[in-house]
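The values are calculated or read from the model by the stated rules, or taken from the named source; none is laboratory data. Only a predicted model underlies this, so the values are computations on that prediction, with no experimental measurement involved. In this analysis, Cβ positions are derived from the backbone assuming ideal geometry, glycine residues included, and neighbour counts consider all displayed protein chains. With ligands, DNA and RNA removed, areas are computed over all heavy atoms of the protein, side chains included. Shrake-Rupley method; radii C 1.70, N 1.55, O 1.52, S 1.80 Å.
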Amino acid sequence: SPMSPHPPEELPGFYYDPEKNRYFRLLPGHNNHNPLTKDSIQHKAMECKRLRLLEEEEKQNQKTARAGLNSSVLLQKRQLGLLSSTSYCRYIHELKVNCMQRRKIEIHSPDSSVAGTNNFKIIVADVACERIFTVNDVEHGGCKYGIINLSGLGKESLTVEMYDNLYFTNRKVNSVCWASLTHPDSHLCLMGIAETPGCASLLPASLFSSTNPGDRPGMLCSFKISTAWSCAWCLNPQADNCFSTGLTRRVLVTNVVTGHRQTFGTSSDVLAQQFATQTPVLYNGCRSGEIFSIDVRQRNRKGQSWKATRLFHGSAVTSIHLMEAEHYLMAADMAGKIKLWDLRTTKCVKQYKGHYNEYALLPLHVNEEEGLLIAVGQDCYTRIWSLQDAHLLRTIPSPHPSSKDAIPSVVFSSRLGGSRGVPGLLMAVKQDLYHFSYN
């Protein structure tokens with residue numbers, strides 16, 4: 001048959017085309033004139049799959065996730081005692097997640113140079129989800145930073161205001177986090193590579209407001225460092241006003257007010273960091289696959305005797321997330337594994353399957369209120385799992401063809417735009433911003 005489901009055996013140096021039902025010779029290397037390199041074949045297959053999924057999503061717009069899955073039937077079964085409360089919750093979430101539809105957001109900007117000209121690279125929401133900090137790649141190299149105000153994401157309109165700042169454009173940014181110095185989310189930590197060495201900066205968020213530029217506060221602190229991979233702000237009062245920086249083979253904890261700095265040597269690059277809030281403890285995920293914690297109250301010790309909890313992944317750890325009760329930690333690595341660890345027994349208690357990663361620093365997004373885990377893979381698919389039973393609820397194809405520079409950056413919240421906001425997923429990819437409503 002012309003569409004043979006199983007290609008005949010692999011022949012070295014040849015490629016089997018199922019449409020034409022015959023073999024073609026593969027030429028070595030990335031020869032532009034040869035359409036049959038392994039990469040291009042793989043890329044074509046991925047693009048076909050993405051387009052097919054997008055088409056299915058169009059068709060499925062009003063249909064439910066799967067037959068028999070609608071809220072009234074579920075409620076009935078729950079009341080008849082045919083569904084446990086955990087199953088009921090999971091099905092309701094699956095229903096909501098599968099009914100999310102993509103809508104494009106209009107980006108308005110007081111400074112007309114901003115909107116829709118540069119590719120989004122990172123978007124990070126503040127705690128209240130009222131503002132999104134954006135890092136955009138600029139065509140001639142370097143990055144541009146902006147703040148998007150989400151208050152316009154009302155029920156009717158889908159418009160947001162974007163303010164940018166033209167001070168800092170020569171740095172490639174690896175990592176960003178919001179910092180609460182004078183009030184919640186008042187500042188931003190940026191870890192970047194300038195030409196080399198790298199640079200760590202703490203900026204007031206008010207730099208991005210549209211007020212008179214004359215009364216703008218300056219940068220709070222900025223210092224040169226070796227390549228920085230990650231950063232985290234501490235909300236525990238015992239290590240007040242501190243932020244950490246994950247560097248090549250060391251961790252730096254800086255007090256922004258006193259300027260006091262502590263260094264902890266590590267045997268590997270620190271790619272992911274998060275502070276606990278109940279204790280002054282910093283969790284670190286390394287390129288070696290190790291995850292360990294540091295109590296930042298202790299003074300520097302020789303060797304690595306300060307390492308507390310230690311967990312091990314088989315591949316470089318790219319993202320960690322401490323759960324609210326702080327007994328569990330979620331971690332993702334470069335083999336695409338996502339594991340939930342119990343910090344008391346140091347055992348892996350759950351695995352979330354389907355994520356794809358080989359080399360990228362990709363974040364995890366956990367929303368405990370809705371019971372969801374969200375991660376974007378290197379294949380540009382956004383996947384949503386149920387936290388409770390690790391069930392993959394939905395795989396969202398990217399609206400753009402997949403490539404290294406088009407991996408979507410996402411934010412999920414029960415209240416996008418603040419306390420009276422709308423629940424949903426925001427997706428930034430290329431120059432566009434999309435909203436998937438969740439209700």
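Numbers at a glance
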| read-out | value |
| --- | --- |
| Flag for residue 295 being closer than 24 Å to residue 392 by Cβ and without any contact (Cβ under 8 Å) to a residue 60 or more places away in the chain | no |
| From the options 7, 28, 35, residue that is modelled with pLDDT under 75, loosely packed, with under 14 Cβ neighbours inside 10 Å and touching a Phe, Trp or Tyr at 6+ places or on another chain (Cβ under 8 Å) | 7 |
| Identity of the residue in region 378-396, among the polar types (S, T, N, Q) and assigned to a strand (DSSP E or B), that ends up surrounded by the fewest Cβ atoms within 10 Å (Cβ to Cβ) | 395 |
| Any chance residue 249 is among the charged types (D, E, K, R), on the phi > 0 side of the Ramachandran plot and open to solvent by 10 Å² or more (accessible area, probe 1.4 Å) | yes |
| Looking only at region 344-361, and only at residues there that are hydrophobic (A, V, I, L, M, F, W, C) and modelled with pLDDT of 95 or more, the one that is surrounded by the fewest Cβ atoms within 10 Å (Cβ to Cβ) | 349 |
| Matching option when the condition is open to solvent by less than 10 Å² (accessible area, probe 1.4 Å) and either over 20 Å from residue 129 (Cβ atoms) or part of a loop (DSSP other than H, G, I, E, B) (or both), among 325, 335, 331, 375 | 331 |
| Single match in 242, 286 (criterion: within 27 Å of residue 204 (Cβ to Cβ) and modelled with pLDDT of 90 or more) | 242 |
| Residue under evaluation residue 114, criteria (1) assigned by the TED database to the domain that holds residue 188; (2) modelled with pLDDT of 85 or more, criterion not met | (2) |
